[in-house]
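Visitor: Below you'll find the structure I mean.
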Amino acid sequence: MDNIFVVIPTLDPEQDIMEEFIDKLKEEFNNILVINDGSKSIYDDFFKKLEKKGVKVIRHCKNFGKGRALKSAFNYLLNEYPDVEGCVTADSDGQHTVKDIKKCAKALLKNPEHLILGVRNFDYDYVPEKSKFGNKITRNIFKIFIGLDISDTQTGLRGISRELMLKYSDLAGERYEYETNMLITCQTDNIKIDEVDIETIYLNSNVNSHFNPLKDSILIYRLFAKYFMASFSSFLLDIFLFSFLLGMLNISTKILAATILARIVSSIYNYIINSNLVFKDMSIKSLVRYYLLVIIIMFISGCFVTYLHTLLSISVISIKIIVDTIIWVINLVVQREFVFKGGKNNEEKLS
């Protein structure tokens, strides 16, 4: 593993824990890179001590965040080590064992085109509740919104090849959301993910972690909120136009006609938002697929609303809201898996 680096971003580390970790790492790995992400000056001697042990240290003038630290590491390795095959990123707080880092490094060498994730088991009783809850929520969001079934979405133990380091070097995100963007890119760019089971370690309930549950969760979940806001605003526009047209039209098929006219306007709005902000795919192929979906969904909605209105003694608007809410979930899956599949890899772009 001479051409594999272990990359460790850190901020104000627990010195005894990290030094013991580094000493054990050096027994198995020749190349270790630490990113001092703006630690206080009282830690300067500690980082100098690591350098004397043969550890490469990059220093940020202030705390920029884990995402920036990883990008700094990738840039350094790609520039200074032309023969580097990849790296394994690890946390400095004692959560990752040398044995597990080796497992991820071997998996990386075996499948360098894949992203390697060291995944934990959150079912143990000693796992902090905030970690259990956070992983469960994020895992379900990934499965529903992104189409990725990942056991541990927030793991810091990852095997990343030279090619993927280059791809991830200009990926958006400065803090913990950067690691989330890595996973989303795997879906949009068809990069396979290999999961490696690792030990689940929480020292002192993970009090040394710099993860801010509120601030960093907002950064992570806002990635998924884009789709919800785009869909919800389109939904409100569609309902408003449908209600307006229903009162304006005076024909026997006014429900279906109002559905079609409202959907034409709201679909144009929704496509522009989704293609630019959510799925990053504004291609001819996605446009054709999108409007094929719009036509199908439009007639399903119109027919169901018309049929249910003849059976139920409630307002047309209420029926449409119920029907379109159910359709929304189906629409999400189809857009993700069919309409915008491939994302920014599409070659035929709209001018």
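Visitor: Of Tyr43, Tyr126, how do they rank once you tally other Cβ atoms within 10 Å and put the fewest first?
Guide: Tyr126, Tyr43
Visitor: Could you list log10 I(q)/I(0) for the stretch 113-179 at q = 0.13, 0.20 Å⁻¹, which the Debye formula gives when each Cα is one point scatterer?
Guide: Rounded to two decimals, the profile gives -0.43, -0.95.
Visitor: If you don't mind, another one. Using Cβ contacts closer than 10 Å as the measure, can you line up Arg120, Arg139 from fewest to most?
Guide: With the sparsest Cβ surroundings first, the list reads Arg139, Arg120.
Visitor: By average Cβ neighbour count within 10 Å, what is the ranking of 3-11, 71-79 from highest down?
Guide: Ranking the peptides 3-11, 71-79 by packing returns 3-11, 71-79.
Visitor: For a protection proxy built on the mean count of beta-carbon atoms within 10 angstrom, sort 294-301, 54-61, 112-119 highest first, please.
Guide: Averaged packing, sorted descending, gives the order 112-119, 294-301, 54-61.
Visitor: Here's something else I'd like to know. What size of dipole, in debye to the nearest 20, comes out for the stretch 1-145 about its Cα centre when the only charges are +1 on Lys and Arg C-beta atoms and -1 on Asp and Glu C-beta atoms?
Guide: Using only the charged Cβ atoms, the result is roughly 500 debye.
Computed from the coordinates by the stated procedures, all read-outs in this text should not be read as laboratory data. In this text, all values refer to a predicted model and were calculated from it rather than measured experimentally. Neighbour counts are summed over all protein chains in view; Cβ atoms, including those assigned to glycine, are modelled from backbone coordinates with ideal geometry.
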